[in-house]
Amino acid sequence: MIEASKLIIKRFQACERGSTGVEYGLIAAFIAIGIIGSVRVVGVEVAVPFETTATTLNDANN
């Protein structure tokens with residue numbers, strides 16, 4: 001029984017198929033974090049001109 005457990009553990013340690021998936025998952029997570037950060041920064045900069053335009057249009061209607 002112990003020998004079988006040791007064999008299973010050795011096979012699990014030698015298997016690298018799952019590690020590639022984990023690496024791709026981490027890469028995708030870091031890319032998503034970068035995209036979210038970029039959108040937040042750009043979103044704030046883009047919001048100002050839209051708010052200015054909305055204020056100008058509201059003032060013109062009144």
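The values are calculated or read from the model by the stated rules, or taken from the named source; none is laboratory data. The structure presented is a predicted model; accordingly, all values stated were derived computationally and were not measured. Every residue, glycine among them, receives a Cβ derived from its backbone with ideal geometry; neighbour counts consider all protein chains shown.
Computed values, structure above
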item: Out of Ile2, Ile36, Ile8, sole residue that is within 27 Å of the chain's Cα centre (by Cα) and either among the hydrophobic types (A, V, I, L, M, F, W, C) or modelled with pLDDT of 90 or more (or both); result: Ile36
item: Only one of Val22, Val42 that is of a type in the set (Val, Ile, Thr), modelled with pLDDT of 75 or more and loosely packed, with under 10 Cβ neighbours inside 10 Å; result: Val22
